[in-house]
Amino acid sequence: MSEIRAAVIGVGALGEHHARVYSQLPGVRLAAVVDIVERKARAAGEKYGCLAASDYREILDRVDAVSLAVPTELHAAIGEELLDHGINVLVEKPISRTLDEALRLVRAQARGGCVLRVGHVERFNPAVRAVLPFCTAPRFFESHRLGVYSPRSLDIDVVLDLMIHDLDLVLQLTRSPVADIRAVGIPILTPKIDIANARLEFEDGCVANLTASRVSKDKVRKLRFFQPSDYISIDLFKQEVEMYSLVRNPSGPQIVERMLEVTKQEPLKLELASFLRAVRGEPTADDQFAACTGEQGTEVLTLAMKILEAMRRQ
């Protein structure tokens, strides 16, 4: 297709960024924005010079691809209808609230053959990409994803809101089945879990200790891991990577410290560009790791659900 007609359904804090990026990328035209709050839809429509609607059904015959940034509870119903209508979908993480809903989306994608991607945007973080060539055999992960309180995404627990990003990265970097889960979660400012910690043991012996909070004073996005002879620390927010390696030479062992080269870019722009390449049928080699399929989105949701279940047993 010469020009992809894109739309954003849900133009809240995150959806508005999707609209902005679509308006900047080549080969795509932001054709519509949709939000049940009419003033939000009108404001975005005026800002980006596109159709504004309060009902997504108004755009079904006008677009080729959609970013779905509505509350998680609506992902399955709207996403399934879009896919059945022949529209390619990038649904924000988590893919859905339940595994049954996730399977509805995966089956809809299989029926129609459209593209279904899940917005696990950290896969496109240039700091993560810089680490991939050096990730050999991780034995221990430690992650801290902390954020200040915000009224967004309060329909889901912090495990599905924030921790799921790091769960996805760890699953992609280990590629080993989870053998054991221990977790604790606490509601603080909402009825949902606001701060959580999970300890995962993998069948290959790797261990991951993950902490997520949406009631912290500072914004922190850090993932560290250890492997034989290496310690790698990733600051996902600053897009910086420190690597410490043990080097054995004739004069004795030496610790070598270095900053990995990272070309800083906006992960969302990389993610949407990858989605559009898939829509055109032109994925690149970089997309093979970074693009999150419906099946992979379901895999990480499955793990998140097991963590929440472990918390309930405490």
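In this structure the amide hydrogen of V28, modeled in the peptide plane, comes within under 5 Å of the amide hydrogens of I4, none closer than 5 places in sequence on its chain. Would you mind telling me which residue in D161, D35, D61 has the biggest mean-square fluctuation in a Gaussian network model of the chain, where springs connect alpha carbons within a distance under 10 angstrom? Its mean-square fluctuation being the largest, the pick is D61. Here the Gaussian network model covers the chain, with springs between Cα atoms less than 10 Å apart; of A285, A196, A179, A285 fluctuates the most. So, counting K/R as plus one and D/E as minus one, what does the shell of residues with Cβ under 13 Å around L30 add up to? The answer is +1. For the residue pairs K47/K93; K217/K269; K219/K269; K40/K192; K217/K238, alpha carbon separations beyond 23 Å are given by K47/K93; K217/K269; K40/K192. The magnitude of the dipole of the chain, with charges of +1 and -1 set on the Cβ of Lys/Arg and Asp/Glu and taken from the Cα centre, is near 500 debye.
Quick check on the chain: of the DSSP beta bridges with both residues there, what percent are antiparallel, nearest 5%? Beta bridges within the chain, antiparallel portion: roughly 60 percent. Near P191: Cβ cut-off under 12 Å, other residues only, Lys/Arg at +1 and Asp/Glu at -1. The net charge is -2. For Cα extents along the principal axes in Å, computed directly from the structure shown, the correct entry in [x] 93, 48, 38; [y] 69, 45, 39; [z] 75, 49, 39 is [y]. Largest GNM mean-square fluctuation among R123, R214, R175, using the chain with Cα springs under 10 Å: R175. Using only the Cα atoms of the stretch 80-217, build the gyration tensor, take square roots of its eigenvalues as a ≥ b ≥ c, and label the shape rounded, prolate or oblate: rounded if a/c is under 1.5, else prolate if a/b is larger than b/c, else oblate. In terms of gyration-tensor shape, oblate.
Each reported figure results from applying straightforward, stated rules to the coordinates on display, with no laboratory input. As the structure is a prediction and not an experimental result, all values here were calculated from the model. No Cβ is skipped: glycine too gets one built from the backbone with ideal geometry, and neighbour counts run over all protein chains shown.
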